[in-house]
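Reading through the structure tokens given below for one structure.
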Amino acid sequence: MEETKHISYLNNLVHKELPLDYSQIFCEDVIKSGKNAFMTASGVSMWPAIIAGMKAEIAPLDAELPPKGAMILVKGGNGLMVHRYWGVQHDKSVPLILTKGDTNICFDPPVTRDLVLGQVVMLKHDTYGIRNPNRGFWRLFGRLLCSSLSAARFWAKLCRVVLRVVRRIEKCRKM
């Protein structure tokens, strides 16, 4: 009886501190098996390229990293995230991958190559249709954004202002 209470307590503690996101675990397993996976976007770190609710198709990466500005899926401290690939930084001869969300001012913590799971190959939204982030405008947008850190930071600040205005308008419409 005492042992059952102890196990129950430990299970509750683990689930409170380490919530599992099964869709992320499944997505990671699918990509590691060499197949394309699909995820639903949330948050605003990649706005307007990726809008919350979009479905992202992610393909496993080959041995080579994608071009600078491509959207990649990275396993970070907060789970899986799609941000732009900025390049490689070497720390004591260990190559670390640099990523950054379009509306983030700072870079994400660098990760090793084994934590880069795949590249976004298609985005789909019910309202905005299908986008290929590796062709046309969105490819050019990514490359321009990653060409200068000062331009990227200016863009991030501009996006934050626009997003605040959009949120206020949505709040007023709900009233």
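For every other residue with a beta carbon closer than 14 angstrom to the beta carbon of Lys157, add +1 if it is Lys or Arg and -1 if Asp or Glu, then tell me the sum.
Values: positive: Lys100, Arg153, Arg160, Arg164; negative: Asp102.
Result for the local shell: +3.
Projected onto the charge dipole of the chain (+1 at Lys/Arg Cβ, -1 at Asp/Glu Cβ, origin at the Cα centre), which of Ala151, Ser45, Ile25 gives the Cα projection farthest towards the positive end?
Ala151
Helix 22-32 versus the longest principal axis of the chain: what angle, 0 to 90°, nearest 10, using Cα atoms?
70
Could you list which residues have their amide H under 5 Å from that of Gln119, counting only those 5 or more apart in sequence or on another chain, with H placed in the peptide plane?
Ala59, Leu61, Leu73
Excluding residues fewer than 8 places away in the same chain, name every one of the lysines whose C-alpha is closer than 28 Å to that of Lys124.
Output for Lys124: Lys32, Lys35, Lys55, Lys68, Lys75, Lys100, Lys157, Lys171, Lys174.
Amide H to amide H under 5 Å from Val111: which residues, 5+ apart in sequence or cross-chain, H placed 1.01 Å off N in plane?
Ile97
Say each of Lys92 and Val121 gets a label point 7 Å from the Cα, pointing the same way as Cα to Cβ; how far apart are those two points in nm?
3.7
Go ahead and collect, in residue order, the members of segment 74-105 whose backbone nitrogen is under 16 Å from a label point 7 Å along the Cα-Cβ direction of Lys68.
84-90, 96-101
Neighbour counts of other C-beta atoms within 10 Å: give me Lys92, Lys35, Lys68 arranged from fewest to most.
Values: Lys92 5, Lys35 10, Lys68 16.
Placing the least packed residue first, the sequence is Lys92, Lys35, Lys68.
Return the single residue from Ile105, Ile58, Ile50 with maximal mean-square fluctuation; model: Gaussian network over the chain, springs between Cα atoms under 10 Å.
Ile105
Show that you can apply the helix-only estimate: for the chain, add -39,500 (n - 2.57) for every DSSP H stretch of four or more residues, divide by all residues, and state [θ] at 222 nm to the nearest 500. Don't skip to the answer; put the middle values down first.
On the way: 4 runs with 63 residues, N = 175.
The per-residue figure over the chain is -12000 deg cm²/dmol.
Distance in nm between label sites at Arg153 and Lys32, each 7 Å beyond Cα in the beta-carbon direction?
3.7
Give me Rg/Rg_expected for the chain, where Rg uses Cα atoms only and Rg_expected = 2.2 N^0.38 Å with N residues. Walk me through the intermediate numbers first.
Details: Rg = 18.7 Å, N = 175, 2.2 N^0.38 = 15.7 Å.
In units of the globular-protein estimate, the chain measures up at 1.20.
For the chain, find the longest principal axis of its Cα atoms and tell me its angle to the long axis of helix 136-145, 0 to 90°, nearest 10.
With both axes taken from Cα atoms, the answer is about 80 degrees.
Using θ = phi - 60° and the Karplus relation 6.51 cos²θ - 1.76 cosθ + 1.60, list the HN-Hα couplings for segment 56-73 in order, rounded to whole Hz, with x at every Gly or Pro.
For segment 56-73, the Karplus curve yields 10, 9, 10, 9, x, 7, 6, 5, 8, 7, x, x, 4, x, 6, 8, 10, 9 Hz.
Rounded, prolate or oblate: which fits segment 82-175 when a ≥ b ≥ c are the square roots of the eigenvalues of the alpha-carbon gyration tensor, with rounded for a/c under 1.5 and prolate only if a/b beats b/c?
On the way: a/c = 2.17, a/b = 1.60, b/c = 1.35.
Judged from the Cα gyration tensor, segment 82-175 comes out prolate (a/c at least 1.5, a/b above b/c).
Let me know the charge dipole size of the chain about its Cα centre in debye, to the nearest 20, where only the beta-carbon of Lys, Arg (+1) and Asp, Glu (-1) is charged. Provide the component values of the computation, followed by the final result.
Working: 25 positive and 15 negative charges, 232 e Å.
I would put it at about 1120 debye.
Enumerate the amide H contacts of Ala70 below 5 Å, restricted to partners 5 or more residues apart or on another chain; note that Pro and chain-start residues carry no placed amide H.
Those lying under 5 Å, H to H, from Ala70 are Tyr85.
Modelling each spin label as a point 7 Å along the Cα-to-Cβ direction, I'd like the Val161/Cys106 distance in nm, to one decimal.
Those two pseudo-labels are separated by 2.3 nm.
Can you sort Val44, Val111 from fewest to most other Cβ atoms within 10 Å of each residue's own Cβ? Don't skip to the answer; put the middle values down first.
Details: Val44 19, Val111 16.
So the ranking, lowest neighbour count to highest, is Val111, Val44.
For a quick check: sort Leu163, Leu65, Leu158 by the number of other beta carbons within 10 angstrom, fewest at the front.
Numbers: Leu163 14, Leu65 17, Leu158 11.
Ascending Cβ contact count within 10 Å gives the list Leu158, Leu163, Leu65.
Coordinate-derived values only; no laboratory data. Quick caveat, the model's predicted, so the values are computed rather than measured. Positions of Cβ are generated from backbone atoms using ideal geometry, with glycine treated the same way; all protein chains shown enter the neighbour counts.
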